[in-house]
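Heads up, the thing below is written out as C-alpha cells.
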Amino acid sequence: MAHPPRDSFLMQWGMLLAGTVAVGLSACGGRAERTEPSVCETPSNPEVRAFTQCGPTLDFTPINRYEGEFSDVIQDREDAVVFIDGRCTGTLIEASAGPVVLTAGHCVRLGDVSLLVFNFEDDADGDPLITEGTVIEQSLAPDYALIRLDVLPDITPTLLSTVPTERLAIVQHPRGYPKAIAEGDYLDACNGVIFYKDLDTLVASSGAGVLNRQGHLVGVHTDGNCEVSGRGSNRGWTVEAIVEASEYLQDSDILER
C-alpha cells in the first residue's frame with residue numbers, strides 16, 4: 001500500500017472532512033448508578049440524546065500518549081483501528097474468510113465504497129495508510145457492517161471475544177479527531193446489547209470496537225444516553241449478536257466464550 005507524504009494526506013483529508021457531514025448517533029457514557037429499572041429493562045426504542053460531555057470532564061487520551069490500565073495490550077491493538085469516511089470508526093478484525101473492517105451499520109450502506117484511513121494519530125508512529133473498501137454486510141439490528149478492503153494493510157487484525165471484563169476500553173476517532181482512547185466500567189449485557197458506564201465517546205466514535213482487558217473485541221459501540229451530571233450509559237451490540245446475524249463471520253471466529 002502506498003504511503004503518501006503527510007502534507008499531501010492532510011490536504012486530502014481536510015478536503016474530505018470539509019465535505020462530509022457526520023452521521024450516526026453516539027453519546028458518552030457517564031458515571032451511571034444502578035437504579036431501577038436496570039439497563040436491560042430499557043424500552044426497545046428509548047429516547048437517545050447525544051451530549052458532548054459525560055460528567056465534569058471528557059476523558060480521552062491521544063493514543064500515542066496513553067499510559068493507562070490497558071497500556072500493556074493497547075499498543076498491539078490500536079493499529080487495527082480505522083477512520084471511515086470522515087464520520088465513523090471501525091476495527092480490522094480477524095475472520096476465517098479473511099480480515100474485514102467491523103463498524104456500525106448506521107455508518108454505511110450495503111454496497112458502499114468507503115474511504116478508510118489507518119494511523120490517523122497525533123505523533124503518528126507511521127504514515128497514514130489510505131485505502132478503500134466495499135460494504136459486504138450491513139444491518140441496523142444488530143447495528144453492524146463489514147467492509148472488505150481493496151488492499152490489506154500490514155496490520156494485525158483484532159480477535160473477537162464474547163467475554164467482557166470489569167474494565168473496558170474504546171479506541172476511537174471522537175468527533176473526527178485523531179485516534180484516542182477512553183476506558184470505563186462494564187455495566188451489563190442482554191438481548192444482544194452491551195452497556196458500559198464512565199466511558200466517553202462522541203459523534204464519529206460510532207462503530208469503534210469495545211475491547212476487554214485482554215484487548216479482544218467484545219462489542220461495537222453504536223449509541224448512548226448520558227448527561228453532564230454523570231448519569232446514563234453507553235451501549236453497543238455484542239460480538240455474539242453480530243456473529244449470529246452475519247453470513248460472513250462464523251462461530252469459529254470467536255476466540256473465547
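Descriptive notes on the structure:
Each row is one residue, and each column tells you yes or no for (1) without any contact (Cβ under 8 Å) to a residue 60 or more places away in the chain; (2) open to solvent by 40 Å² or more (accessible area, probe 1.4 Å); (3) hydrophobic (A, V, I, L, M, F, W, C); (4) in a strand (DSSP E or B).
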site	(1), (2), (3), (4)
Gln138	yes, yes, no, yes
Ile155	no, no, yes, no
Val203	no, yes, yes, no
Ser229	no, yes, no, no
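One line per residue, one yes/no per condition, for (1) modelled with pLDDT under 95; (2) not in a strand (DSSP E or B):
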position	(1), (2)
Ala169	no, no
Gly184	yes, no
Phe195	yes, no
Gly207	no, yes
Gln214	no, yes
Thr222	yes, no
Tyr248	no, yes
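- Considering each residue of region 45-57 in turn, none proves to be under 18 Å from the mean Cα position of the chain (by Cα), surrounded by fewer than 19 Cβ atoms within 10 Å (Cβ to Cβ) and modelled with pLDDT of 95 or more.
- Screening Asp123 with (1) assigned to a strand (DSSP E or B); (2) in contact with a helix residue (DSSP H, G or I) (Cβ under 6 Å, 6 or more places away or on another chain); (3) open to solvent by 30 Å² or more (accessible area, probe 1.4 Å) gives one miss only, at (1).
- Asp185 being among the acidic types (Asp, Glu), open to solvent by less than 40 Å² (accessible area, probe 1.4 Å), at negative phi and touching a strand residue (DSSP E or B) at 6+ places or on another chain (Cβ under 6 Å): no
The values are calculated or read from the model by the stated rules, or taken from the named source; none is laboratory data. Only a predicted model underlies this, so the values are computations on that prediction, with no experimental measurement involved. All Cβ positions, glycine included, derive from the backbone under ideal geometry; neighbour counts span all protein chains shown. For the accessible areas, the whole protein counts, side chains as well, though only heavy atoms, and no ligand, DNA or RNA atoms are used. Shrake-Rupley method; radii C 1.70, N 1.55, O 1.52, S 1.80 Å.
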